[in-house]
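J.: Provided herewith is a single structure, encoded as structure tokens, for subsequent inquiry.
The values are calculated or read from the model by the stated rules, or taken from the named source; none is laboratory data. Computed from a predicted structure; not experimentally measured. Note: ideal-geometry Cβ built from the backbone for every residue, glycine included; neighbour counts use all protein chains shown.
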């Protein structure tokens, strides 16, 4: 990490009914960095995202944003510093794409000309200009995913949290999402991205943290992870399987 940290997670833990889903994990993300959380199903990726986003409470540890305590669950200012793109679609199917973006933009404090410009920009980035006034329930799965991302980015947050955003997406929409995210990063937005797809992590992420059984078992660039695992010429998938094992995780 070459840039100063924008997000610092220290000894974060969270339990569901006595079962630790996240177990004392620590990591930092540099400003403008694309950081991936990689892990099998049930590793703790979504729980980590939810704690950071303020969707879960009663976690233990410390979360800092720009070196200050971060509490989006209770602070509107903190909440507006981040964008959230959940795994389950968080859009209104009985509204149009334009109406969805206006709604989420308004919730983030945008209004008037600023809101209209933000809506037009996101429609362009999402490739939805021609379908902007159609009801979302008529959209394909890929179009809904692109709108889901656009809603999370409508207020140009300092950091966007994406939880497995390409689940069920066709190759064309997946490629479009990747291009959009790289453009957003190039404009200075920090990205925290969870996935269990190795090729996504290798293609997109500057650094990767590998979660397994609620613990952070390794972190670094793809090359650093390979070297640290004793497989310097290995692919990320080979490194991942060595670190997490080959048994089924479900």
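J.: For region 104-127, state whether one or more residues are touching a residue at least 60 places away in the same chain (Cβ under 8 Å) and in a loop (DSSP other than H, G, I, E, B).
T.: no
J.: For the condition free of Cβ contacts under 8 Å to residues at least 60 places away in the same chain, surrounded by 15 or more Cβ atoms within 10 Å (Cβ to Cβ) and within 25 Å of residue 21 (Cα to Cα), what is the one hit in 166, 194?
T.: Just a single option satisfies the conditions, and that option is 166.
J.: Sort out for me the strands (runs of 3 or more DSSP E) sitting completely within region 1-102 that have 1 or more residues that are in contact (Cβ under 8 Å) with a residue 24 or more places away in the chain, in contact with a strand residue (DSSP E or B) (Cβ under 6 Å, 6 or more places away or on another chain) and surrounded by fewer than 16 Cβ atoms within 10 Å (Cβ to Cβ).
T.: 5-16, 19-30, 60-65
J.: Select from region 184-204 the residues that are at pLDDT 90 or above, more than 10 Å from the chain's Cα centre (by Cα) and not in a helix (DSSP H, G or I) and list them in ascending order.
T.: The answer is 187, 188, 189.
J.: Give the number of residues within region 169-181 that are in contact (Cβ under 8 Å) with a residue 24 or more places away in the chain and not in a loop (DSSP other than H, G, I, E, B).
T.: 8
J.: Pull up region 116-131, narrow it to residues that are at pLDDT 95 or above and buried (at least 19 other Cβ atoms within 10 Å of the Cβ), then point me to the one that is farthest from residue 92 (Cα to Cα).
T.: 118
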